[in-house]
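What follows is a set of notes on a single structure, which appears directly below.
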Amino acid sequence: MSRIVIHVDMDYFYAAIEEREDPSLIGRPVVVCMYSGRGEHGGSVSTSNYTAREYGIKSGMPCSRAIKLNQDAVFLPVRKEFYTEVSDSIMEILRLYADSDESFEQISIDETFIEVTANCNGDFECARKLGEDIKQKILEKEQLTCSVGIGPNKLIAKMASSENKPDGLTVISENESSSFLKDRFPSQLWGVGDVTAARLEKMGIKTVGQIASSDIVSLIDVFGKKKGSWLKKAAQGIDESPVRQREGSEQIGRIATLPENSSDHDLIMPVLDNLADDVIRKAIERGVSFRQVTLIVITSDFKTQTRNHTLQRAVAEKEILRSNLDKLLKDFLEENKSAIRRIGVRVAGLQEVSSQTTLASYF
Ligand code: TTP
Ligand code: CA
């Protein structure tokens, strides 16, 4: 049975969020800048929308240069906290597709690997449907587009997602991997940087297919054992690296079934209270505090929905957790008519509590 990995990459993420917040920006070049505070235009470009990219404005370039490329572009300062909140909501949606909590790997603010081998039983058509569903859910809930790549491993999934950007969906099965890779430049292989690409070029290797058919001994000669063997495998579309939860992205969660289906706040809150107690106990045991609070709701029609909130600072305090859950539940009940069947709490954005004194103050 083939492994199946989904890679999700949000399109022009920071700039797309700004467009969503202010639709008058749509169609205009938008540049999101990380200002350094030195001079009026000091700083670098975090990202730009696709209209701005047509003028050559790219991530990483000085903002002063971006202005020269298009004086009429809209320049906005980075709002990292806000983008992180949006990212958290998206991750909540994506998490539900993974085989398990461990088979979900967020690699940046807007990119994720999701292992769906078990969920789809190795069937790429099933994975394609999940990909379509993911795109639709993110669009419905966050009004944002993403590009999805599906492959037999992380390497192919990651490269597939950039195939049809923006708003793309590309499925490359195990059988299609070699032909997907073979005519590409070595620099397009995920993990090959400028230095490696230049060395390959010196060896007369111009395509990924040529790496795949190279003698492994000569690759190891030039790149050493680890990198040389990796290149040979990667070029053939082989990548065994697992999808795994990143450190710092762990979470603590509890879920319970209500005594009866209900949409009565007073009936649900005591159950939520007990779950919150468990979560706090666990956090204290592990010596961590948390920044994100999520309410998980499974309604009587078995649909899962989540509501979350990012706190100003990391805490592990029962009262703060409780009041946030209370508010999230009230908001949920106001917007939804269907009765709740199961209810859950999850905290994430875990941080180690370094000093014993701080830990003691939680009790
Ligand atoms: P990317 O996924 O690299 O870029 P993007 O989402 O803006 O565009 P694309 O459609 O090509 O995927 O990065 C995600 C976000 O990370 C981006 O919106 C802004 C931020 N970022 C920086 O702050 N600095 C950088 O140098 C890069 C590359 C990204
Ligand atoms: Ca992106």
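The values are calculated or read from the model by the stated rules, or taken from the named source; none is laboratory data. Keep in mind that what you see is a predicted model, and the values were worked out from it rather than measured. A quick note on method: Cβ atoms are made from the backbone with ideal geometry, for glycine too, and the neighbour counts reach across all protein chains shown. For accessibility, only protein heavy atoms count, side chains too; no ligands or nucleic acids. Shrake-Rupley method; radii C 1.70, N 1.55, O 1.52, S 1.80 Å.
Just to be sure I understand, how many residues within the stretch 224-257 are hydrophobic (A, V, I, L, M, F, W, C), outside any loop (DSSP other than H, G, I, E, B) and under 25 Å from Arg286 (Cα atoms)? Explain how you work it out, then say what you get.
Restricting attention to the stretch 224-257, the residues satisfying the condition of being hydrophobic (A, V, I, L, M, F, W, C) are 230-231, 234-235, 238, 243, 252, 255-256.
Imposing the further condition that a residue be outside any loop (DSSP other than H, G, I, E, B) reduces the set to 230-231, 234-235, 252, 255-256.
Within this subset, residues satisfying the condition of being under 25 Å from Arg286 (Cα atoms) are 252, 255-256.
Selection size over the stretch 224-257: 3.
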* **Residue check for Glu111: modelled with pLDDT of 90 or more and either closer than 28 Å to Tyr50 by Cα or away from ligand 1 (no atom under 12 Å from the Cβ) (or both)** => yes
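Here's the yes/no breakdown for (1) crowded, with 22+ Cβ neighbours inside 10 Å; (2) of a type outside the set (S, T, N, Q); (3) within 14 Å of ligand 1 (Cβ to nearest atom):
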| site | (1), (2), (3) |
| --- | --- |
| Ser2 | no, no, no |
| Ser24 | no, no, no |
| Pro29 | yes, yes, yes |
| Cys33 | yes, yes, yes |
| His41 | no, yes, no |
* What single numbered condition from (1) of a type in the set (Asp, Glu); (2) within 16 Å of ligand 1 (Cβ to nearest atom); (3) more than 13 Å from Val5 (Cα to Cα) fails to hold for Asp72? -> (2)
* What number of residues within the stretch 273-283 are modelled with pLDDT of 90 or more and either touching a Gly at 6+ places or on another chain (Cβ under 9 Å) or surrounded by fewer than 20 Cβ atoms within 10 Å (Cβ to Cβ) (or both)? -> 7
* Matching residues in the stretch 1-33 - criterion: being more than 30 Å from Asp123 (Cα to Cα), assigned to a strand (DSSP E or B) and within 16 Å of ligand 2 (Cβ to nearest atom) -> Val30, Val31, Val32
* Candidates Ser262, Ser289, Ser213 - the one that is hydroxyl-bearing (Ser, Thr, Tyr) and open to solvent by 40 Å² or more (accessible area, probe 1.4 Å) -> Ser213
* Structure fact -> Of those in the stretch 41-76 that are among the hydroxyl-bearing types (Ser, Thr, Tyr) and in a strand (DSSP E or B), the residue farthest from ligand 2 (Cβ to nearest atom) is Ser44
* Asked: Scanning the stretch 10-22 for residues that are within 7 Å of ligand 1 (Cβ to nearest atom) and surrounded by 22 or more Cβ atoms within 10 Å (Cβ to Cβ), which turns out farthest from Ile93 (Cα to Cα)?
  -> Ala15
* To do: Only helices (runs of 4 or more DSSP H) wholly contained in the stretch 77-173 count here; list those with 3 or more residues that are open to solvent by 30 Å² or more (accessible area, probe 1.4 Å).
  => 80-95, 124-142
